[in-house]
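Contents: one structure, followed by commentary.
The values are calculated or read from the model by the stated rules, or taken from the named source; none is laboratory data. This one's a predicted model, so the numbers in the text were calculated from it and none came from an experiment. In this analysis, Cβ positions are derived from the backbone assuming ideal geometry, glycine residues included, and neighbour counts consider all displayed protein chains. Heads up: the accessible areas ignore ligands, DNA and RNA and are worked out on the full protein's heavy atoms, side chains in. Shrake-Rupley method; radii C 1.70, N 1.55, O 1.52, S 1.80 Å.
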Amino acid sequence: QVQLVESGGGLVQVGGSLRLSCAASGRTFAMGWFRQAPGKEREFVAAINWIDGRISYTDSVKGRFTVSRDNAKNPLSLQMNSLKPEDTAVYYCAARSNYIGFVPTTTTGYNYWGQGTQVTVSS
């Protein structure tokens, strides 16, 4: 079993920054972030495969968001810079507890989810 606890959401103005964290208990092979805006499907944001260190980002956040973790004991982080109103959503941490040879970018690639944290970017 893997438990995920997210933190760091909030309200920020356009162009501002926020940092999300996700603490995981149990072994994981990949972790990532998804987001869901009202009336929309949950979408992939960024993820890391721990086996080979590969990272993947959705195109809309490349150059603005950075996903990272310093070591296995530290939480997964998502540094979000140059935030835009369209980044407003509930952000979910996701984890996969079995081996995978690539970075999963769909919700079906993960079997554990956090409770979600709200990010609101005001204009």
For segment 24-109, which GluC sites (Glu not before Pro) are both in a DSSP coil and crowded by at most 13 other Cβ atoms within 10 Å?
GLU41
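Could you pull out the chymotrypsin sites (Phe, Trp or Tyr not before Pro) across segment 6-100 that fall in loop regions by DSSP (anything but H, G, I, E, B) with no more than 10 other Cβ atoms inside 10 Å?
In loop regions of segment 6-100 (DSSP not H, G, I, E or B), the sparsely surrounded chymotrypsin sites (Phe, Trp or Tyr not before Pro) are TYR99.
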What would the Debye equation give as log₁₀ I(q)/I(0) for segment 5-123 at q = 0.11, 0.12, 0.13 Å⁻¹, counting only Cα atoms as equal point scatterers?
-0.31, -0.38, -0.44
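Return one whole number: the accessible area per residue of segment 1-101 in Å², for a 1.4 Å probe.
The answer is 51 Å² per residue.
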Where in the chain is the longest stretch that carries no trypsin sites (Lys or Arg not before Pro) classed as loop by DSSP and with at most 16 other Cβ atoms within 10 Å?
74-123
Counting only DSSP beta bridges with both residues in the chain, what percent are antiparallel, rounded to the nearest 5?
90
